[in-house]
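Here is the structure we will look at, set down as structure tokens.
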Amino acid sequence: MKVSSLLFVMALAAGRPAAAQSPAQPPPATSPSGQAPVTQPPAPTTAGQTTAGQTPAAPAAPLPAVPASRRFTSDAGMMFSVIKADKTVDFEAVLARVKEALGKSQDPKRKQQALSWRVFKALEAAGTGNVLYIWFLDPAVKDQEYVITGILAEAFPNEVQDLWAKYTACFVSGQTMLNLQMMLNMSPTATTIVK
């Protein structure tokens, strides 16, 4: 089985509600120190609530729990993103800027992230022509944020708002983040089974 096929099957099976999160990390507003503050996405409204000028909408399905951060706490991790077919060029362009930002960084943790961060694109369509992208982090840099806006703001503070708008417009739905624990190494040279 091809790696891309295996990753696609894993992505379809990965829809754990507690692990799902939207790509909507709000664009950072710079503080006087030039640092981007960490903010949470706005709280969703419940069915029947309205804001000024809106009519009540039909009840929506409850949103999945959103992790407080994009930090991996295990040895490896994966992130699944379903992208609109006509937005793959934009998505890949933003990820190319993320790669550039990681390469420019003087932060040793960012350099570690770049060494083990792989992005895969499924060759098979992910339903209605959408495209599945998988970030595979092996090893994941534990307790280091993989927040796109944070990485971009460090290297491109004047461009981060535009890059963020382009990035969020690419998504069909939110991302799914998984922490992975190795259970078994199938390599013939491996001598131990990981518990």
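The values are calculated or read from the model by the stated rules, or taken from the named source; none is laboratory data. Remember, predicted model here, so these are calculated numbers, not experimental data. Methodologically, a virtual Cβ is constructed for each residue, glycine included, from the backbone with ideal geometry; neighbour enumeration extends over all protein chains shown.
Cβ contacts < 7 Å: first residue farther than 27 Å from GLN144 by Cα, restricted to the stretch 170-195; second residue at pLDDT 85 or above, any location; separation 6+ or different chain. Result?
Within 7 Å, the pairs are ILE193/LEU184.
What number goes with the only condition from (1) of a type in the set (Val, Ile, Thr); (2) at pLDDT below 95; (3) outside any loop (DSSP other than H, G, I, E, B) that ILE193 does not pass?
For ILE193, the failing item is (3).
Return the pair list, or none, for Cβ contacts closer than 6 Å from residues in the stretch 122-133 that are modelled with pLDDT under 85 to residues that are buried (at least 19 other Cβ atoms within 10 Å of the Cβ) and outside any loop (DSSP other than H, G, I, E, B), at least 6 apart or on different chains.
Cβ pairs passing all conditions: ALA126/VAL82; ALA126/LEU132.
Can you spot a residue in the stretch 111-127 that is within 22 Å of THR73 (Cβ to Cβ) and surrounded by fewer than 13 Cβ atoms within 10 Å (Cβ to Cβ)?
Within the stretch 111-127 (the criterion being within 22 Å of THR73 (Cβ to Cβ) and surrounded by fewer than 13 Cβ atoms within 10 Å (Cβ to Cβ)), the answer is yes, since at least one residue qualifies.
Considering only the stretch 123-153, state which residues are assigned to a helix (DSSP H, G or I) and closer than 17 Å to GLU92 by Cβ.
Looking only at the stretch 123-153, we keep the residues that are assigned to a helix (DSSP H, G or I), and these are 148-153.
Hits for the stretch 123-153 are ILE148, ILE151, LEU152.
Looking only at the stretch 116-134, decide whether some residue is small (Gly, Ala, Ser) and over 17 Å from ILE83 (Cβ atoms). Walk me through it before giving the result.
Filtering the stretch 116-134 for residues small (Gly, Ala, Ser) gives 116, 122, 125-127, 129.
Filter once more, keeping what is over 17 Å from ILE83 (Cβ atoms): 116.
Checking the stretch 116-134: at least one residue is small (Gly, Ala, Ser) and over 17 Å from ILE83 (Cβ atoms).
Would you confirm whether any residue within the stretch 172-188 is part of a loop (DSSP other than H, G, I, E, B) and either in contact with a helix residue (DSSP H, G or I) (Cβ under 8 Å, 6 or more places away or on another chain) or of a type in the set (Val, Ile, Thr) (or both)?
no
Before we move on, is ARG118 more than 24 Å from VAL89 (Cβ to Cβ) and at pLDDT 95 or above?
Working: more than 24 Å from VAL89 (Cβ to Cβ): no; at pLDDT 95 or above: yes.
No.
Within the stretch 70-89, work out how many residues are charged (D, E, K, R) and assigned to a loop (DSSP other than H, G, I, E, B). Steps first, answer last, please.
Step one: of the stretch 70-89, the residues charged (D, E, K, R) are 70-71, 75, 84, 86-87.
Going one step further and asking which of them are assigned to a loop (DSSP other than H, G, I, E, B), we end up with 70, 75, 84.
Counting residues in the stretch 70-89 that are charged (D, E, K, R) and assigned to a loop (DSSP other than H, G, I, E, B) gives 3.
Quick one: is THR189 of a type in the set (Ser, Thr, Tyr) and exposed (fewer than 13 other Cβ atoms within 10 Å of the Cβ)? Walk me through how you get there before you give the answer.
Numbers: of a type in the set (Ser, Thr, Tyr): yes; exposed (fewer than 13 other Cβ atoms within 10 Å of the Cβ): yes.
Here the answer is yes, as THR189 does meet what is asked.
What are the residue pairs meeting all of these: first residue in the stretch 84-98, first residue at negative phi and at pLDDT 95 or above, second residue among the basic types (Lys, Arg) and in a helix (DSSP H, G or I), Cβ atoms under 7 Å, and 6 or more apart or on different chains?
So the pair list comes out as ASP90/LYS166; VAL94/LYS166.
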